[in-house]
Amino acid sequence: MRISVIGPGAIGCLLAAYLARAGEQVSLLDYRPERAALLNAKGITVHGVREDFHTNVKATTDTAEISSAAVLIVCVKACNTAAVASLLKDAISSESHLLTLQNGLGNVEKLGEFFPSHRIFAGVTSNGATLLGVGRVRHAGYGEIWVGEGIENSSTPVGQRKLQNLVAVLDRAGLKAQLVDDIQTVLWRKLVVNVGINALTAVLGVANGVLLEIPQCQDIVQNAVTETVQVAHCYGVHLDATEEIDRVREVCSSTAANISSMLQDVNQKKKTEIDYINGAVVRMAARRGRVSPVNQVLTALVQSLETGYLR
Ligand code: PAF
């Protein structure tokens, strides 16, 4: 199966490296020619807790080279989904499917503005990865990948078979993947993890595990998560606050050394995904006439950091 990973960030490089090592036909789409050239020359090195490995990858900036991919795995930041979708829209085959493996809410809907819903798959990963430099990624937390239909009951029999194949390919590559019926609940659970960890680690400038060591951080995490669970309920997704708080603690522990993707963005003075994580919770709460004050403050703090370095 031809797979193209869109975006050579931490997760994109991690996936491309695992798939390339397993001998899969994988390519990596980058928009920066000099970085794509470096990736082609150097390959990708993964520094894992269990193992280190190095593999060659095929990186390209040319969408014509990925036009016949069976699946394009979108790994760009949520704020770039529309730009990537508009780039790919007329460049890829009408038989290609897209799997969003991004953080935050709204990526399926954004892709849906450019592609028919039966070509969109949604996925979630709990892997923790940090980009150490071009083609160097630390696999700080071993996680799983869950995939399903982007919009319930939208996929065709061809799409369903492709989804099953994709899961098998990812799994064979060592990426622990599984197909799930209710990907919406999994997406909200991942949102809850990002809500609890990303903004706070970005504001404090600490690795994920540090949140477990500071009681005040635990209170903030607990409140942000509880608010998110309440908003999820308003949209028909039933999560249990205690279970979700425990899950966030587990992820903090299993990715203790990881620098969250939002802190990586802040450190590199890049636009963060705050509007699609805590900011999305605030917006979705407001749509149902509710407030989400802890998420509002976390959003405002990260936006203030961004304003400081982006102006
Ligand atoms: O965005 C991230 O950094 C990751 O999704 C996670 C799981 C919080 C680990 O750092």
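When the convex hull of the Cα atoms of the chain is projected onto a plane and the area is averaged over all directions, what value comes out in nm²? Present the calculation step by step, with values, prior to reporting the outcome.
Details: hull surface 59.0 nm².
For the Cα atoms of the chain, the hull's average projected area reads 14.7 nm².
How do the peptides 81-88, 172-179 rank, highest first, by the average count of neighbouring beta carbon atoms within 10 Å per residue?
Working: 81-88: 18.2, 172-179: 16.4.
The most tightly packed comes first, giving 81-88, 172-179.
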Computed over the chain, the relative contact order (Cα-Cα under 8 Å, seq sep at least six) in percent reads 15
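With a length cut of 24 Å (Cα positions projected on each helix's long axis) and a Kyte-Doolittle mean of at least -0.5, go through the chain and give me the DSSP H helices that pass.
Values: long enough: 183-204 (31 Å, 1.24); 215-234 (29 Å, -0.04); 293-310 (25 Å, 0.56).
Helices meeting the criterion: 183-204, 215-234, 293-310.
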Which of the lysines could a cross-linker bridge to residue 42, judged by Cα under 28 Å and excluding same-chain residues fewer than eight apart?
-> 58, 77, 176, 269, 270, 271
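Order the peptides 191-201, 26-36 from the highest to the lowest mean number of other Cβ atoms within 10 Å of their residues. Working shown, then result.
Working: 191-201: 27.1, 26-36: 19.5.
Result, highest mean Cβ count within 10 Å first: 191-201, 26-36.
What's the local net charge at residue 126, with K and R +1, D and E -1, over the other residues with C-beta under 12 Å away? List each step's numbers first, then the result.
On the way: positive: 176, 189, 190, 247; negative: 144, 250.
Net charge around residue 126: +2.
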When you have a sec, figure out the Kirkwood radius of region 2-181 from all distinct Cα pair distances and drop it here in Å to one decimal?
-> 16.0
What are the principal axis extents of the Cα atoms in region 184-310, in Å, biggest first?
-> 37, 30, 25
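What is the ratio of the Cα radius of gyration of region 1-78 to 2.2 N^0.38 Å, with N the residue count, to two decimals? It would help to have the intermediate numbers written out before the result.
Details: Rg = 11.6 Å, N = 78, 2.2 N^0.38 = 11.5 Å.
Compactness ratio reported: 1.01.
Per-residue ellipticity at 222 nm for the chain, helices alone: DSSP H runs ≥ 4 residues times -39500 (n - 2.57), over residue total, nearest 500 deg cm²/dmol? The partial results should precede the final answer.
On the way: 11 runs with 144 residues, N = 311.
That calculation yields -14500 deg cm²/dmol at 222 nm.
Just to confirm the filter: which GluC sites (Glu not before Pro) across region 71-121 are DSSP coil and have at most 16 other Cβ within 10 angstrom of their Cβ? All intermediate terms of the calculation are to be shown ahead of the outcome.
Working: sites: 95, 109, 113; in loops: 95, 113.
The qualifying sites are 95, 113.
For the chain, what is the accessible area per residue in Å² when the probe is 1.4 Å? All intermediate terms of the calculation are to be shown ahead of the outcome.
Details: 13290 Å² over 311 residues.
Counting only protein heavy atoms, the per-residue value for the chain is 43 Å².
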The relative contact order of region 93-193, taking Cα pairs under 8 Å that sit 6 or more residues apart, comes to a percentage of 28
If you take the charge dipole of region 184-310 about its Cα centre, with +1 on Lys and Arg Cβ and -1 on Asp and Glu Cβ, which of 294, 307, 251 is farthest toward its positive end?
-> 307
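The values are calculated or read from the model by the stated rules, or taken from the named source; none is laboratory data. Predicted, not measured: the structure shown is a model, and the values here were computed from it. All Cβ positions, glycine included, derive from the backbone under ideal geometry; neighbour counts span all protein chains shown. Keep in mind that these areas ignore ligands, DNA and RNA; they rest on the heavy atoms of the full protein, side chains included. Shrake-Rupley method; radii C 1.70, N 1.55, O 1.52, S 1.80 Å.
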